[in-house]
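> Just passing along the structure, written as C-alpha cells.
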Amino acid sequence: MEDSEVNMKKLLEETAARSIRYSGAIRSRRVVPRTQDLEGMGPLGGPLPENSSDPMEIPALLDDIGSPATVTTTGGRYFGFVTGGALPASVAANWLAGVWDQNAAFAVMSPVAAKLEEIVVPWILELLDLPRSCGAGFVTGTTMANFSALAAARTALLERRGWKVEEAGLFGAPPLRVVVGEEAHASLLKALALLGLGRSRSLRSRWTARAGC
C-alpha cells in the first residue's frame with residue numbers, strides 16, 4: 001500500500017473515531033456551548049496560511065476546538081430552531097458521499113446519483129400523495145426550494161402573457177402578484193426579493209395557496 005493510501009486510511013479512521021466519540025456523548029452534552037468554549041475558538045482563525053497543513057491537524061483542530069462550541073441539535077433536550085435530524089444512516093451515507101465526491105450535474109458524470117434521484121422521486125410523490133406524473137428536482141434546502149419554485153412560476157406566468165423573462169428580464173415585464181400566507185417563512189420573502197418580484201408586492205392572506213403540478 002502506497003504512503004498516500006496509508007495516510008488516507010489513517011485520516012479517515014481518526015476522523016471516524018472522533019465522530020463516534022462526539023456522537024456517543026450527545027446525551028450528556030450541554031445544549032448551548034459555555035462562554036469559555038466560544039471564546040476558545042480563536043485558534044480556528046489567524047492569518048491566511050502560506051503553506052498547506054498536515055491533513056491530520058484539520059479534524060483534530062475542528063474537534064478539539066470546534067466540537068465544544070457546537071449546539072447539540074441532535075440531542076433530546078434541544079427545542080430550538082427547526083433542524084433536520086442526523087440519523088445514523090444519514091450520517092454514514094453523508095460520509096460515503098463525501099468520499100465519492102461526485103458531480104451530479106448529468107447522469108454521465110455520476111450514474112449512481114442519477115439513479116438515486118430516479119428512485120427517490122416516485123417515493124416522494126407517493127409520500128405526499130401527489131399526481132404520479134409530477135416531476136421533481138433536488139436542491140440544497142428549503143430556501144433554494146422556494147426560490148426555484150417561484151422562479152418556475154414566474155417564468156410560466158409571464159410566458160402566458162407573452163413575456164420571456166429569461167431573455168427580456170423584468171424591465172417592463174407585466175406585474176405579478178404573489179399570494180402568501182400570514183405566517184410565510186422569511187426564506188420565501190427573501191426569494192421574492194432575489195427574483196425581482198419584491199417583498200412588498202406579495203399579498204398576505206389567511207389561507208395558504210396550494211399549487212398543483
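> Rounded if a/c is under 1.5, else prolate if a/b is larger than b/c, else oblate: which is region 3-77, with a ≥ b ≥ c the root eigenvalues of its Cα gyration tensor?
Oblate shape, in that a/c is at least 1.5 and b/c is the bigger or equal ratio.
> Ok, one more. If you average the alpha carbon positions of region 94-143 and of region 160-176, how far apart do those two centres end up, in angstrom?
Here the answer is 31 Å between Cα centres.
> Still on this structure: Using only helices, what value at 222 nm comes out for the chain when you add -39,500 (n - 2.57) per DSSP H run of length 4 or more and divide by the total residues, to the nearest 500 deg cm²/dmol? Write down the numbers at each step before the final one.
Numbers: 8 runs with 94 residues, N = 213.
Roughly -13500 deg cm²/dmol at 222 nm, from the helical runs in the chain.
> Hey, can you grab everything whose amide H is under 5 Å from the amide H of GLY181? Only 5+ residues off in sequence or another chain; H modelled, so Pro and N-termini drop out.
Residues meeting the amide H criterion: SER205, ALA209.
> Quickly work out the LEU38-to-LEU116 label distance, labels modelled 7 Å from Cα along the C-beta direction, and quote it in nm with one decimal.
Here the modelled spin labels are 3.6 nm apart.
> Still on this structure: Which aspartates and glutamates, on any chain, are close to LYS9 with Cα under 20 Å apart, when same-chain ones fewer than 8 places away are left out?
ASP54, GLU57, ASP63, ASP101
> Over the chain, what relative contact order in percent results from Cα pairs under 8 Å that are six or more residues apart? Walk me through the intermediate numbers first.
Details: 132 pairs, mean separation 26.7, N = 213.
In percent, rounded to a whole number, it is 13.
> Please enumerate, by chain and number, the lysines with C-alpha under 25 Å from the C-alpha of LYS190, excluding those fewer than 8 residues away in the same chain.
Within reach: LYS164.
> Please go through region 59-96 and write out the chymotrypsin sites (Phe, Trp or Tyr not before Pro) that DSSP classes as loop and that have at most 13 other C-beta atoms within 10 Å. Each step should come with its number before you reach the end.
Values: sites: TYR78, PHE79, PHE81, TRP95; in loops: TYR78, PHE79, PHE81.
Passing sites in region 59-96 are PHE79, PHE81.
Bear in mind that the values in this text are calculations on the coordinates, not laboratory data. Remember, it's a predicted structure, so these values are computed and weren't measured experimentally. So basically every Cβ, Gly included, is an ideal-geometry build from the backbone, and we count neighbours across all protein chains shown.
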